Amino acid sequence: MKKEGRTLPVRREGEICYEIRLEQDFEKLAEGAAELGTEGRKICIVTDTHVGPLYLEAVRERLSGVCSRVTVYTIEAGEDYKTLDTVRGLYEHLILEHFDRRDLLAALGGGVIGDLTGFAAATYLRGISFIQIPTTLLSQVDSSIGGKTGVDFDSYKNMVGAFHMPRLVYMNLSVLQTLPERQFASGMAEILKHGLIKNADYFQWLLDHRQDILERKPEALMQMIEESCKIKRDVVEKDPTEQGERALLNFGHTIGHAVEKLKNFQMYHGECVAAGCAAAAYLSWKRGLIDESELDRICGAFQSFSLPVKVGRIDPAKVLETTRSDKKMEAGRIKFVLLQRTGCAFVDRTVTEAEMLDAIKWITEE
Ligand SMILES: NC(=O)c1ccc[n+]([C@@H]2O[C@H](COP(=O)([O-])OP(=O)(O)OC[C@H]3O[C@@H](n4cnc5c(N)ncnc54)[C@H](O)[C@@H]3O)[C@@H](O)[C@H]2O)c1
Ligand SMILES: [Zn+2]
């Protein structure tokens, strides 16, 4: 028997802005696209060299039935190609294919493809519609929701971008079966983070269902991704343009980003976030907000999903220095996210550099 999919509406100012559809296959993609009024419209599927060979044909077939023409633009896989040069190539393709304002883009891939396609959609002809079809765990629970799009500029990550909401987020969870293990673990860091900042029961549920999740059992993935999408959705609904509440999603990211940069992006984003979450939990413990056994439980949770809480040798002073250039600064003070308790995070503007250095030392010591 076919398992039922789920639909989560994302609202903006009370109105449904777009829907997140969670399915086990691509069967309902055509229907979802048609509801946006794709008939008679062209669509360009943007994908990468890893995802294309696996899922492009299935997606192309579904979209051909509901669009007048389907074109494909394939990008080399990897963060290195999330650049303005790649966007330029995509603009050229759209111009040569005579894409106009009513035509659409579809991002088929992980966060790199989603961010880049979304940015092209935000800027081509001052903005055209786009669909997210996220294929990594990270993109399904995080980057495909909320409308943040962008590309890297030289060594500056996500330096150029725009807020541009997708018209539909369609996820086929079965594509996660082909995701490399380390990529799967990387996505788990954001999921554990969701539990830590918003829902203690969910955090415990993740630990209780660890085996099923690691074996990627469809029902466990469905429940998990639905809950994480709800958490992300609720946060971005309250704060679509990152003025307040959305900052909570940066839990673990201030130190995490600095580590990511200093490791020259050799460690995956989720791995750095895991260590960053451990550092933030450590600071929460130091401030007497959580007790030591809770700190241990949090670190153990990341480790049980093959994520590191220690990052090996890097100079703590350099990590601190790098956090200063982070975008999370406000009037010279860092907006640091701490845990009030598991399941409840808050933004603190009083964390000192000495406190941060202490936490950084803790994750960099052997
Ligand atoms: N917009 C946002 O709000 C937001 C939030 C978080 C992260 N991001 C961005 O997301 C990007 C990271 O995304 P990511 O982790 O998905 O990386 P990614 O897009 O590079 O994908 C990771 C790798 O997995 C491959 N892949 C994707 N789906 C697959 C599948 N189903 N089977 C096999 N291989 C598959 C890809 O080809 C790639 O090699 C970063 O650029 C980051 O800045 C954006
Ligand atoms: Zn992240």
The stretch 279-302 scanned against label point 7 Å out from Asp358 along Cα→C-beta; backbone N under 20 Å for 279-299
With point charges of +1 on the Cβ of Lys and Arg and -1 on the Cβ of Asp and Glu, referenced to the Cα centre of the chain, which listed residue (Ile16, Leu262, Met222) lies farthest in the positive direction of the dipole? Ile16
Simple label model, 7 Å out from Cα along Cβ direction - Val347 to Asp25, nm: 4.5
Going by the alpha-carbon gyration tensor, a ≥ b ≥ c the square roots of its eigenvalues, is the stretch 251-307 rounded (a/c under 1.5) or, if a/c is not under 1.5, prolate (a/b greater than b/c) versus oblate? oblate
With 19 Å as the limit, write out which pairs from Lys198/Lys232; Lys157/Lys310; Lys238/Lys286 have Cα-Cα distances beyond it, or answer none. Lys157/Lys310; Lys238/Lys286
May I ask for the net charge around Asp80, where only other residues with Cβ less than 13 Å from the Cβ of Asp80 are counted and Lys, Arg are +1 while Asp, Glu are -1? -4
Top positive-direction residue, dipole computed over the stretch 14-123 with Cβ charges, set Thr83, Gly32, His93: His93
Return the calculated 222 nm mean residue ellipticity for the chain, to the nearest 500 deg cm²/dmol, obtained by summing -39500 (n - 2.57) across DSSP H runs with n ≥ 4 and dividing by the residue count. -14000 deg cm²/dmol
Would you be so kind as to identify all helices of the chain, as entire DSSP H runs, whose Cα atoms reach 15 Å or more along the helix's own axis and whose mean Kyte-Doolittle hydropathy is at least -1.0? 51-64, 84-96, 111-123, 181-198, 218-238, 269-286, 292-304, 353-364
Using a simple charge model, +1 on the beta-carbon of Lys and Arg, -1 on the beta-carbon of Asp and Glu, nothing else, what dipole does the chain show about its Cα centre, in debye to the nearest 20? 540
Please get the size of the charge dipole for the stretch 1-40, origin at its Cα centre, with Cβ charges of +1 on Lys and Arg and -1 on Asp and Glu, quoted in debye to the nearest 20. 220
Footprinting exposure proxy for Val72, Val259, Val309, Val273 (fewest neighbouring C-beta atoms within 10 Å first): Val72, Val309, Val259, Val273
With the label point 7 Å along the Cα-to-beta-carbon line of Leu54 and a cut-off under 17 Å to each amide N, the hits in the stretch 61-83 are 74-79
Listed with the fewest Cβ neighbours within 10 Å leading, Ile363, Ile133 appear as Ile363, Ile133
Does the stretch 101-191 classify as rounded, prolate or oblate by the C-alpha gyration tensor (a ≥ b ≥ c root eigenvalues; a/c under 1.5 gives rounded; else a/b over b/c gives prolate, otherwise oblate)? oblate
From the residues Val151, Ala122, Pro134, which one has its Cα farthest along the dipole of the stretch 112-168 in the positive direction, the dipole being from +1 and -1 charges on Cβ of Lys/Arg and Asp/Glu about the Cα centre? Ala122
Of the DSSP beta bridges with both residues in the chain, give the percent that are antiparallel, rounding to the nearest 5. 45
Cα gyration tensor, the stretch 237-366 - rounded (a/c under 1.5), prolate or oblate: rounded
What does the charge count near Asp152 come to, summing +1 for each Lys or Arg and -1 for each Asp or Glu among other residues with Cβ under 11 Å from its Cβ? -3
Cut-off 11 Å (backbone N to label point 7 Å along Cα→Cβ of Leu125), residues of the stretch 37-57: 41-43
What is the ratio of the Cα radius of gyration of the stretch 1-118 to 2.2 N^0.38 Å, where N is its residue count, to two decimals? 1.11
Obtain the nm distance between the two label points defined at Phe153 and Glu76 by a simple spin-label model: each point lies 7 Å from its Cα along the Cα-to-C-beta direction. 2.2
Binned Cα-Cα distances of the chain, short to long, each 10 Å bin given as a whole percent: 5, 25, 34, 24, 10, 2, 0
Log entry: pair-distance distribution for the stretch 145-267, C-alpha pairs binned every 10 Å from zero, whole % per bin is 11, 36, 40, 13, 0
Determine the dipole magnitude for the stretch 91-147: charges of +1 sit on the beta-carbon of Lys and Arg, -1 on that of Asp and Glu, nothing else is charged, the reference point is the Cα centre, and the result goes in debye to the nearest 20. 160
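Readers should treat all values here as calculations from the given coordinates under stated rules, not as data from a laboratory. Keep in mind that what you see is a predicted model, and the values were worked out from it rather than measured. Cβ sites come from the backbone with ideal geometry, for glycine too, and all protein chains shown count toward neighbours.
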